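The values are calculated or read from the model by the stated rules, or taken from the named source; none is laboratory data. These numbers come from a predicted model, not from an experiment. All Cβ positions, even for glycine, are placed from backbone atoms using ideal geometry, and neighbour counts span all protein chains on display.
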Amino acid sequence: MSDHTTPMRTPPKPLPDLDKVKPRSVAVSSLVLDPAMQPRAGTDRETVRRYQGYMKADPKTLPPITAAKLTDEPEGQLYVIDGFHRVAAAQGAGLRTLLAKTVEVDRETAEWMAVVGNRAHGLPLGRKTDRAAFRRYVEAGRNVDEAGGLKPYRAIVQDLENTRGRSTVHRWMNEMFPSLAAEMAGREEPEAEDGKPDLPASAVEQEEHLAEITASFGRLAQAMHKQQVRAIGHHAATEGWTRAEVERRATERTRAVVRQSAFEVWAGAASLLGTTPEALQQEHEAWLEEHEASSLEADY
């Protein structure tokens, strides 16, 4: 790991374009499951069990995992950076090989790729893991721009996909990287591309609260979907439903409940956030359009 008080100042290299990496078969026994590469708290047993069923029916049902050979560590080992649940399921299903997209990067880049990959599934990482993701972001040098200068807090927040507001990111920088925060202190934030001034602290905090509500509904949707799969699964044999039909029915039921619950929470939060139910209704509809499908995807 980098020294927390002296992060690298070399412009980071672009992350590998995984869309251009062709999957190849790798031995399951050769894969290293390093907890440092897992941005989440751990694997979910129910998800692993469900994946085992998919893999026994068709090993190619799930997308390839992502693994990396670390350029700053002994050669020959493949570290899983995205796909912990799939690897655990493959082990449980007795598979000897698994499709993987493999890249060669250093450890800090691999750890940041793990965060990016997990976020791509549409599932919120949660408060503690967002904080850990910020540490990985800085340690991997992603806070340095192409010219070797430090990115402003606005740009860092955008890089982190607005999962936390600028005030929180500023606090984390002071706590984890004090010398870097001191160097950034007093720097004037540039205006946005549209010419509008930066948001005041109160607006940033409001956005932060909204992000936390959104993250909570993502976790709620995932948990409810698992319950629906189990409940509907009990009737699958007698009704003659396929696994795909069970998933479809579970998703429909979960969406209906989450839609109603989300609206009630948005409305109740309006006064606390200093806005109107109408404004939050627009936020609510935008959130549903973006997250109602992705938030029900499995945690790969």
task = Scan region 85-129 residue by residue and report those that are at pLDDT below 75 and aliphatic (A, V, I, L, M).
result = 120, 123, 125
request  = Please state which one of 66, 47, 97, 61 is surrounded by 12 or more Cβ atoms within 10 Å (Cβ to Cβ) and within 26 Å of residue 137 (Cα to Cα).
outcome  = 66
inquiry  = So, in region 148-198, exactly how many residues are among the polar types (S, T, N, Q), closer than 18 Å to residue 133 by Cβ, at pLDDT 75 or above and surrounded by fewer than 18 Cβ atoms within 10 Å (Cβ to Cβ)?
reply    = 3
task = Taking residue 59 as the residue in question, decide whether it is under 26 Å from residue 242 (Cβ atoms) and either assigned to a helix (DSSP H, G or I) or of a type outside the set (D, E, K, R) (or both).
result = yes
task = Would you be able to say whether some residue in region 14-33 is modelled with pLDDT of 80 or more, on the phi < 0 side of the Ramachandran plot, touching an Asp or Glu at 6+ places or on another chain (Cβ under 9 Å) and assigned to a loop (DSSP other than H, G, I, E, B)?
result = yes
inquiry  = Could you go through region 64-72 and let me know if any residue there is under 29 Å from residue 17 (Cβ atoms), hydroxyl-bearing (Ser, Thr, Tyr), outside the structural domain of residue 227 (by TED's automatic domain parsing) and not in a strand (DSSP E or B).
reply    = yes
request  = Starting from region 224-243, take each residue that is over 15 Å from residue 49 (Cα atoms) and list its partners that are part of a helix (DSSP H, G or I) and among the charged types (D, E, K, R), counting only C-beta distances under 8 angstrom and pairs at least six apart or across chains.
outcome  = 228/249; 228/253; 232/249; 232/253; 236/243; 236/245; 241/249
key: Answer residue from region 80-94, given it is out of contact with any strand residue (DSSP E or B) (no Cβ under 7 Å at 6 or more places or on another chain) and under 19 Å from residue 37 (Cα atoms) and is surrounded by the fewest Cβ atoms within 10 Å (Cβ to Cβ) among those   = 91
ask   = Which residue pairs have Cβ atoms under 7 Å apart, sit 6 or more places apart or on different chains, and have a first residue in region 140-152 that is without any contact (Cβ under 8 Å) to a residue 12 or more places away in the chain and a second that is part of a loop (DSSP other than H, G, I, E, B)?
value = 151/143; 151/145
